[in-house]
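Chemist: Mind looking over this structure? Questions follow.
Any read-out appearing in this document is the output of simple, stated calculations on the displayed coordinates, not a laboratory observation. Model, not experiment: these values are computed from the prediction. With ideal geometry, Cβ positions are generated from the backbone for all residues, glycine too; neighbour counts draw on all protein chains shown.
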């Protein structure tokens with residue numbers, strides 16, 4: 001879909017990737033596409049949503065004509081209520097590693113991780129808990145994808161400024177407005193990718209009914 005070309009072949013297996021963007025830039029669509037690609041290759045996938053309800057995510061996938069019944073045994077779609085502090089913390093920190101091993105998941109998605117981060121009101125505690133969580137996930141044989149909203153004061157950074165420091169790969173989604181302010185386009189930038197060369201250009205992309213297309217050979221207007 002063009003993104004693999006910008007990533008010099010795709011994400012590195014068993015690495016950690018963060019997708020950062022404002023509302024409406026397609027973070028969840030990229031996460032779902034990542035899940036579907038894994039399922040199509042015979043992998044097991046865990047998708048943890050802290051925002052959208054399970055039925056809405058399944059409806060979105062059904063609209064794309066993805067046959068979920070074929071993948072049901074290998075697709076674990078979980079919705080956690082971020083307002084239930086103890087349950088959300090326990091499920092992500094304590095139960096997730098066991099679930100990964102139990103289903104043999106090679107891809108894990110948390111959408112959005114910023115709601116998990118927001119459960120910790122004290123910044124030093126938040127940083128400590130996120131660091132511990134990432135260290136635990138590095139011991140798991142899976143590729144972890146985290147989505148995050150941008151910071152209101154810094155549209156090029158995550159809400160709490162943590163995931164881009166901890167992740168191996170950082171992909172930034174943004175709006176690009178024409179000079180005449182008559183059109184709004186979506187654009188993508190690979191900000192960071194450890195252990196691999198990657199494109200540093202900003203490229204346009206579109207969200208279609210059945211897939212996301214990144215125009216890696218095109219230039220912005």
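Chemist: Determine the distance separating the Cα centre of the stretch 175-220 from the Cα centre of the stretch 15-74; give it in Å without decimals.
Modeler: 20 Å
Chemist: Build a GNM of the chain with springs between Cα atoms under 10 Å: which of 42, 26, 161 gets the top mean-square fluctuation?
Modeler: Largest GNM mean-square fluctuation: 42.
Chemist: Two decimals is fine: what's Rg over Rh for the chain, C-alpha atoms, Kirkwood radius as Rh?
Modeler: 0.95
Chemist: Quick one: length gained pulling residue 125 to residue 213 fully straight, 0.36 nm per residue minus the C-alpha distance?
Modeler: 27.8 nm
Chemist: Please report the antiparallel percentage of DSSP beta bridges with both residues in the chain, rounded to the nearest 5.
Modeler: 40 percent
Chemist: Related question: Provide the packing ranking of 101-112, 125-136, i.e. peptides ordered by the mean count of other C-beta atoms within 10 Å per residue, highest first.
Modeler: 101-112, 125-136
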